[in-house]
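Heads up, the thing below is written out as structure tokens.
The values are calculated or read from the model by the stated rules, or taken from the named source; none is laboratory data. Keep in mind that what you see is a predicted model, and the values were worked out from it rather than measured. Here the Cβ positions follow ideal geometry from the backbone for every residue, glycine too, while neighbour counts run over all protein chains shown. Accessible surface is based on the protein model in full, side chains and every heavy atom, while ligands, DNA and RNA are left aside. Shrake-Rupley method; radii C 1.70, N 1.55, O 1.52, S 1.80 Å.
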Amino acid sequence: MLVADPLPIPEVAAPRYQLALQKLWDQPAERIALKLRGDPAVAGLDVRQLAEQVAQRRAALAKVPAWAAVEGLVWPLALAVEQASSEATACYKRRLLGPLLAESVLIDFTAGMGVDAWALGGMLRHARLYEQQAQLAAVTHHNLRKLLPDRSIDVWAQAAPVGAVLDQPAAPQIWFFDPARRSDSGARLRDFADCTPDVLAHLAAVPDAVLRILIKAAPMLDLSLAIEQLEAAGSLRVTEVHIVARAGVCREVVYLLQRPQPGWQPLDRQFHAVDLQEARSLLWTQTERDGQLPVPVGAVDAYLFDPHAALRKLRLLGPLCQHFGLRQVATNTLLLTGPVAVDGFPGRMFRVLDGPLKKPARALPGRAASIVTRNFPEPAPTLRRRWKLKESERQFLLAFRDHSQRAVIWHAERVPA
């Protein structure tokens, strides 16, 4: 049996630090050293750590605003915050598991700053978290004791052994992985075989007590390749894939693995395209994904439609075109077009005003517009700098390759949902 060494309490969790921080949360971090110079109340305290805590708290609360209500937390370094789930995406994972959480224990192989464990742990019997960075493990352990004081949660400052089980092997378990998305050199990883921890090795040694496995992955991983790798590694099957978008960006892809029910076939696999901001979820099966009809392609009509980010990742435009009577503007351009406005479109809808434009900036009142690029040779920030445009919530320039493979720009206004 493995034994976890007691994790040290972070220095800034001490009462003197926390008392000083209560007076500093609304101060600019860069001015704290000057503000506290000569203040006897902070004598002996590391002012640099105080300033770091203020800056790190601000960044963390942008992701998990609910944590603002809990006093005494220690705020981790910026990289841990950057790599963590947001409150919204973590709570979505909790909804995926539902009542199963109340009767299970969690093994989190990649604890990080503990946002997913916090969201799942509020309904669990027990949780064990593994985090290889000792300092981050100590911070996460301290915070979860504050956030979930009535729950049994262990944090171990080490990598999880392959085939990890709790001391009670008969207890139903849920496993959770959020493998590293970048290598030590900073390069983005596009394959589970390159990730840390080795998810595929763990899947090859899953004990019978495990009921579900959730794997959070970067959106750039190819869906079909990821499913193939995960299923080839062991006996569990990918029964659901959840593509989760928020604020116009595909944030993560969550693979749900389990032992399938008798009669289950790979064609029954479900794909959920979720937009958390619009509280909208669309569902397709593997059968529908594999068998979608060819998408009609045609010239720009009176309206342009931009599917939300999760739908663009799933690339299931055929059912959308069939349901709403739309066409795709080009085979590899993820924009749709149609003659009339439609109700309930899952994404943004624009009324076309003019185009294609040769000198876009001259067509814009006040030289202001948001820019959307789809399959266009230059990114939106480059175009904005070239044309010296201000932002606009209503006026848009849509830059894309059309059905003739021309790089074109159209002026449009957004139609309110």
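Trypsin sites (Lys or Arg not before Pro), restricted to the stretch 357-396: which are DSSP loop and have at most 10 other Cβ atoms within 10 Å? Don't jump to the answer; show the numbers that get you there.
Working: sites: K358, R362, R367, R374, R384, R385, R386, K388, K390, R394; in loops: K358, K388, R394.
Sparse-neighbourhood loop trypsin sites (Lys or Arg not before Pro): K358, K388.
With every protein chain left in place and a probe of 1.4 Å, what is the accessible surface of L79, to the nearest 10 Å²?
Roughly 100 Å² of L79 is accessible to a 1.4 Å probe.
When DSSP assigns beta bridges and you keep just the ones with both residues in the stretch 323-417, what percent turn out antiparallel, to the nearest 5? Present the calculation step by step, with values, prior to reporting the outcome.
Details: 15 of 21 bridges.
Around 70 percent of the beta bridges assigned by DSSP in the stretch 323-417 are antiparallel ones.
Counting alpha carbon pairs within less than 8 Å and at least 6 residues apart, what relative contact order, in whole percent, applies to the stretch 1-114?
Rounded, it is 23 percent for the stretch 1-114.
Keeping all protein chains in place, calculate the accessible area per residue for the stretch 46-157 (probe 1.4 angstrom), answer in Å². Before the final figure, lay out each step's value.
Details: 4440 Å² over 112 residues.
Using a 1.4 Å probe on heavy atoms only, each residue of the stretch 46-157 averages 40 Å².
What is the antiparallel percent of DSSP beta bridges lying wholly in the chain, to the nearest 5?
Details: 45 of 76 bridges.
Antiparallel bridges: around 60 percent, rounded to the nearest 5.
So, for the stretch 289-417, what is the accessible surface per residue at a probe of 1.4 Å, expressed in square angstrom?
Working: 6410 Å² over 129 residues.
Heavy-atom accessible area per residue stands at 50 Å².
Quick one: Cα centre-to-centre distance for the stretch 320-340 and the stretch 189-264, in angstrom?
Cα centres, the stretch 320-340 to the stretch 189-264: 31 Å.
Once you sort the root eigenvalues of the Cα gyration tensor of the stretch 251-299 as a ≥ b ≥ c, which label holds: rounded (a/c under 1.5), prolate (a/b larger than b/c) or oblate (the other case)? If you can, show how the numbers build up before the last one.
Numbers: a/c = 2.97, a/b = 1.27, b/c = 2.34.
Oblate, since a/c reaches 1.5 and b/c is not below a/b.
Enumerate the whole-percent occupancy of each 20 Å bin, from 0 to the last occupied one, for all C-alpha pair distances of the chain.
Going out from 0 Å in 20 Å bins, the chain shows 23, 47, 28, 2 percent.
What is the percent of Cα-Cα separations in the stretch 257-376 that go past 23 Å?
Details: 2866 of 7140 pairs.
Looking at the stretch 257-376, the distances longer than 23 Å represent 40 percent of pairs.
Would you please classify the overall shape of the stretch 10-122 from the alpha carbon gyration tensor, given that a ≥ b ≥ c denote the square roots of the eigenvalues, rounded means a/c under 1.5, and beyond that prolate means a/b larger than b/c while oblate covers the rest?
Details: a/c = 2.95, a/b = 2.49, b/c = 1.19.
It comes out prolate by the Cα gyration axes.
Average the reciprocal distances over every distinct pair of alpha-carbons in the stretch 333-417, invert the result, and give the Kirkwood radius in Å. Can you show the working numbers first?
On the way: mean 1/r = 0.0754 Å⁻¹.
Hydrodynamic radius (Kirkwood, Cα only) of the stretch 333-417 equals 13.3 Å.
In percent, how large is the relative contact order of the chain, given Cα pairs closer than 8 Å and 6 or more residues apart? Can you show the working numbers first?
On the way: 776 pairs, mean separation 34.9, N = 417.
Dividing the mean separation by the residue count of the chain yields 8 percent.
Can you pull the Rg over Rh of the stretch 62-115, Cα-only, Kirkwood? Display every interim value, and only then the final one.
Numbers: Rg = 12.6 Å, Rh = 12.7 Å.
On the Cα set of the stretch 62-115, Rg over Rh gives 0.99.
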